[in-house]
1. Which of the lysines could be linked to Lys102 by a straight reach, that is with a Cα gap under 24 Å, when you skip same-chain ones fewer than 8 residues away?
2. Near Ala397, within a Cβ-to-Cβ distance under 13 Å, what is the net charge of the other residues, with Lys and Arg +1 and Asp and Glu -1?
3. Need the full-extension length gain, Ile395 to Arg277, defined as separation in residues times 0.36 nm minus the C-alpha distance. One decimal, nm.
4. Given points 7 Å out from each Cα along the Cα-Cβ axis, report the Glu55 to Gln82 separation in nanometres with one decimal.
5. How big is the stretch 201-311 by the Kirkwood estimate over distinct Cα pairs, in Å?
6. DSSP loop (so not H, G, I, E, B), at most 11 other Cβ within 10 Å: list which GluC sites (Glu not before Pro) in the stretch 32-133 pass both filters.
7. Among all the lysines, which ones have a C-alpha under 20 Å from Lys270's C-alpha, if same-chain residues fewer than 8 places away are not counted?
8. Under 8 Å for C-alpha pairs, at least 6 residues apart: give me the relative contact order for the chain, rounded to a whole percent.
Amino acid sequence: MSDFDLVIRGGGLWLAPLGGDGYANADRSPVMDVGIRGDRLVAIAPQLPGTGRVEIDAGGKLVSPPFVESHIHLDSALTAGQPRVNESGTLFEGIQIWAERKPSLTVEDVEERAIATLKTQAQQGVLYVRSHVDVSEPNLTALRALLAVREAVQDWITLQILAFPQDGLYGDPRNAELYQEAISLGVDVLGGIPHYELTREAGVQSVEQIFNWAVQKDRLIDLHCDEIDDPQSRFLEVMAACAIRHDIGPRATASHTTAFGSYENGYANKLMGFLQRAKLNFIANPLINITLQGRTDTYPKRRGITRVKELWQGGLNVSLGHDCIQDPWYSLGTGNMLDVASMAIHCCHMTGQQEMVACYDMITYGGAQTLQLQNYGLAVGNPADLIILDAADPIAALRQRATITTVIRRGKILAETQPAVTAWHGIPIP
């Protein structure tokens, strides 16, 4: 009789995240065996005694916690070109196109596209996802669909649903009521978009109201905050103030914050101190931020992304999201989180060895912290959720866009992918 249901032999385990100072408390990638029984990690040792009913020889390859997609819009995924293409490539044309697409949404349409996207993500090692869903649509069609999807996929992926008022909490007299209905239907996270409210005052009011509701209803918070090039868009300071006032910073997240990259340094440095005091989480979406922002600049063109490196160096939790996959804002995207981390490395000037490792952490441990996941990571007693990559370490995985060869969810093999093999038929290399 086997001692374990599944054993992974000789994998380089990726352990606790690297701090902003580049210091880790222990060896992060020891070659170890992992024993799984049922849906739990029950043993980790250099040479695990006993046998497994199924055994996988990792051969020194990277064994990592699964990827965490901390920011995506599943309700709009796979709608690029419907009803028309975003030719300007701007955020605001994307919002207009989505407004044209929303009336034709059906529950079946949203469910089909969302599950197809989640399946693609899971095959590439993503097992935890936070999805924003537009709750400005009068029938809440997309929300009802994604709540059903959350239940349908729970055996193979963990999905958090976030109420997102795309048109502003106060952009229409009905929106606040729709938002409250969304809360009652069971969303996990409360979202907002203060920079898209009609006035600065309405934006401040929306942030304060969402924090109040989150405290009352015991929900997490994640706001689209200052996703604009305007250096006068300063709702991040309002979020910091609310987080300090309610003492809930680790449960609150500021997404995008692209205007932070345009702030004058004197103000930005003052704000950084407030952010460290508030202990907010941050999500950057480098594929989308680098594409949508800076559109009205001539030269020099801004990179249009928040101060990822400085936030990380300042000890704040940063994670990365894909944001869009083939929708009105971004017609590309495959769901591969290594693409996301690679773009962060490039556009945030994080090409140092420790900085590249930090970007890998941002799609694993950083995302887990943002989503407030419990018992995430490779430790005895935790859920047996992990992935094996065809690379020796995270930097190699990022360089090569390594294939995720095995995805394990709750102790069962969910997906297996063979790395591509090239047959060379050209001129012999001397």
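1. Filter leaves Lys119.
2. -1
3. 39.3 nm
4. Computed distance between label sites Glu55 and Gln82 equals 4.8 nm.
5. 14.2 Å
6. Glu87
7. Lys279, Lys309
8. 20 percent
Readers should treat all values here as calculations from the given coordinates under stated rules, not as data from a laboratory. In this text, all values refer to a predicted model and were calculated from it rather than measured experimentally. Quick reminder, even Gly has a Cβ in these numbers, built from the backbone with ideal geometry, and neighbours come from all protein chains shown.
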